[in-house]
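Values quoted throughout were computed directly from the atomic coordinates according to the rules given, and no laboratory measurement underlies them. Remember, it's a predicted structure, so these values are computed and weren't measured experimentally. No Cβ is skipped: glycine too gets one built from the backbone with ideal geometry, and neighbour counts run over all protein chains shown.
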Amino acid sequence: METVWSLVIVVLVVAAAGFIVWSLDHHHDVYGIVLPVGAAVALACLVWTVLIFAGTGYMAGLTWMPWALPMAVGIVAAVAVPIVVGRPRTKHDVALLTELLKRG
């Protein structure tokens, strides 16, 4: 039961980071609010699961890994995914709108 609470805390922290990243991004109108939050939570849960199944939560000296590593990876994902998706999508949308306006 103790490990389930560590997952809950990890999910809450990375979801909060995803919401913060979404709110700070000037291009968040291009993608939905779920993109940074979902990417962060999904990747953090995956990393947490791998680390728990690897037994790092029960090895002396490695008990920090199921806590810190998924949070760090989730926060990086929350920052990186909107950059990878949002910027090219904005450029594509502006180019498409410009083409449509030129046609008149």
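Couple of notes before you dig in:
- In the chain, Cα pairs under 8 Å separated by at least six residues give a relative contact order of 33 percent.
- Using the Cβ-Cβ distance between ARG87 and CYS45 with R0 = 30 Å, the FRET efficiency computed as 1/(1 + (r/R0)^6) comes to roughly 0.70.
- In the chain, helical runs assigned H by DSSP with n ≥ 4 each contribute -39500 (n - 2.57); averaged across all residues and rounded to the nearest 500, the mean residue ellipticity at 222 nm is -28500 deg cm²/dmol.
- Within the stretch 38-102, all pairs of alpha-carbon atoms sorted by distance into 5 Å bins from zero give the percentages 3, 18, 17, 13, 11, 9, 8, 7, 5, 4, 3, 2, 1, 0.
- Model label points for VAL76 and HIS28, set 7 angstrom from Cα along the Cα-to-Cβ axis, are 2.3 nm apart.
- Candidates GLY55, GLY86, GLY18, ranked by Gaussian network fluctuation over the chain, Cα under 10 Å, top entry: GLY55
- GNM top mover of ALA60, ALA42, ALA78 - the chain, alpha-carbon springs below 10 Å: ALA60
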